[in-house]
């Protein structure tokens, strides 16, 4: 959307979220007059407030966006925060009054009004050029200069890249839906509401951790920030210095100045480096765990650093940037350095093209990569791509025949997976019907599933120790939970076969309720029926636990174990459906928090099912787990604008198994014919085109020009600079958005594809 592009690319700035920052920094001194205005030479009123007192004055434009985040600086000094013209509480102005020359009148008017002979000046984001220009034009009036998450000193070539990166970090499908609502006239005369809708979509991508978008102040009460005015004033401000290259004037800046840059900012690190390159009076402080709002995101680091700088010292960690030939403009906050590139090219192992037949000799690297680990967790970067599915089949075939692996467990319904396992053990059925019934969430449509099941059956027909297949996900399609009734039926059916008398009362209790045991029907239960359903499912699980010897003799230990696990899944399906369809009072309509709780619960179920699978393997058993990267990696999942990060299966597996788990993520440079799923604000699944983020880890790997390869990240531990980069935050794509990731923690290795294509259906 236009506002999102202007907001993240221009950062004059993104509209904020729906929560005000109400808590001052520790130690803040409040000596604040009521709403106060300064008047500029061209008769524009500027709102300002004063915090603290002292001989030194610090001037910080963008008061509405800073909120209380800078108040900690008011220890023994006077902090003056004001809204520039056309912003926040200050007077609106026409675009013709948004020129750079006019905006410099704002700084001068506030300085004069508060009676400061000189000031330290903070220029945040798109206001950095204003601060630099004022400091150059008014020698003696500015003592020290702070550029906080600044716009680069030149728009070309940075601005186009900023826009592309901002777009890649946004929920583009949700933006299109909002644009359609705007076009339909839904927000006519409701500009404040539209402002908040835009902020909800755009803010998460401007934070290192999108969940922290809740910290962004709500500026949408101010008509100056409403979309119909904001776009015009922001565009006019940027146009006023579009052709200026501030590097040409930095030699005139003789005062000390500090640039603070968050590594996850959509603004490129190269731009911040250009502000200080070759300038002995300028230094750069890089914050690896911040985005475009470092003072909101990491106040515990930013405020002490600013305090130290204002006291006349360079803050710890700040560095000079040597002069020299202009560095190539990279799009990544942590673009590959020479040591990283040299290491990666030496450590990368080519991966045989998936179009070629299976060749065990090309997979010998797995001996070293997997070692003696009992579990190999392989992720796919997107569902429905042919290349990671074929890679999975080849990895698993090698793991079984060369490494002694005994099972594969995939992101598909647990109950349905039993159908596949019975078939690959030699049971009745035909391949097509087994694949159709045995995979969920649309995965049955991929021919690579048929190839996997066919090979498993053929292998087991001649193997001394047969290999098992398991689904580990909640049964059925997670979008509608249509597998919930089938799961209860499977557990009841088993009990009816082996202990009909015990099953009869449970059938009477549960049978009438199963027709509504779905996403669409669950909210139609009365409170009494929900309680009866829950008690009945618990009783079913107990019935499969008591007198286990008799039940096992009537079937087999494996059949009993699976029936118990199916009943366990049924009980947690009830909890999942309640979270997704009911509010906290038990009424129809789930809240966002409860939907997120259901997502966390799903990964907890997947983890517990995976742990059960490994336990079933017995002595010497080893399991390959295949799921989306978001489940497979040791990485908390962050949905855009969706609250705190969620603990995922890979994190739980790592905590449980430690080094007995090897995690291999996958990535791709190009996607062809693929779309990615995501959840909208109501938690409903939808799809979007696959974005790209040129600051991501996969983009860095793509720059190596090595084609398809596997990179064991553990081999970088011995090179300090490489190890530091791999443990620093990058971004990685999860479904249709990008989120923070420290590669070395998230995975032990990555397989990089030059391109992935849609699986043939």
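Packing order of peptides 649-662, 425-438, highest average first: 649-662, 425-438 (average count of other Cβ atoms within 10 Å over each peptide's residues).
Each Cα pair under 8 Å and six or more residues apart adds its sequence gap; the mean of these over the residue count of the range 211-325 is a relative contact order of 24 percent.
Here the range 220-267 has an Rg and Dmax of 15.7, 41 Å, counting Cα atoms alone. Between the beta carbons of residue 458 and residue 372, assuming R0 = 41 Å, the FRET efficiency works out to 0.90 to the nearest 0.05.
A simple spin-label model places the labels of residue 341 and residue 672 2.7 nm from each other, with each point 7 Å out along Cα-to-Cβ. Under the criterion of Cα pairs below 8 Å and six or more residues apart, the relative contact order for the range 478-590 equals 33 percent. The slack in the chain from residue 723 to residue 231, taken as 0.36 nm per residue of separation less the alpha-carbon distance, amounts to 172.8 nm. Given R₀ = 30 Å, what would the calculated FRET efficiency be for residue 528 paired with residue 583, taking r from the Cβ atoms and rounding to 0.05? That gives a FRET efficiency of 0.95. Output the relative contact order of the range 2-310, whole-number percent, from Cα pairs under 8 angstrom with separation of 6+ residues. In percent, rounded to a whole number, it is 23. From most to least packed by mean Cβ count within 10 Å, the peptides 604-616, 305-317, 204-216, 461-473 give 204-216, 604-616, 461-473, 305-317. Compared with the dominant Cα axis of the chain, that is its longest principal axis, helix 592-616 is turned about 40°.
Principal-axis analysis of the Cα atoms of the chain puts helix 338-347 at an angle of about 10° to the longest axis. Kirkwood analysis of the Cα pair distances in the range 35-106 returns a hydrodynamic radius of 12.6 Å.
Quick one: if you stick a label point 7 Å off each Cα along the C-beta vector at residue 186 and residue 53, how many nm between them? According to this spin-label approximation, the distance is 5.2 nm.
Applying 1/(1 + (r/R0)^6) with r as the Cβ-Cβ distance of residue 501 and residue 193 and R0 = 51 angstrom yields a FRET efficiency of 0.25. The Cα atoms of the range 2-310 give a gyration tensor whose axes a ≥ b ≥ c have a/c under 1.5, which makes the shape rounded. Over the chain, dividing the summed -39,500 (n - 2.57) contributions of all DSSP H runs of at least 4 residues by the number of residues returns a 222 nm mean residue ellipticity of -12500 deg cm²/dmol. Measuring spread by the Cα atoms of the range 478-590 yields a radius of gyration and Dmax of 14.4, 46 Å. A crude spin-label estimate for the pair residue 437 and residue 176, with each label 7 Å from Cα along the Cβ direction, gives 3.8 nm. Taking 0.36 nm per residue of separation and subtracting the Cα-Cα distance, full extension of the segment from residue 647 to residue 593 would add 18.0 nm. Can you give the angle from 0 to 90° between the axis of helix 414-424 and the longest principal axis of the chain, with both taken from C-alpha atoms, to the nearest 10? The helix 414-424 is inclined about 50 degrees to the chain.
Rule-based calculations on the coordinates, nothing more; no lab input. Note that this is a predicted model, so its numbers are computed, not measured. Positions of Cβ are generated from backbone atoms using ideal geometry, with glycine treated the same way; all protein chains shown enter the neighbour counts.
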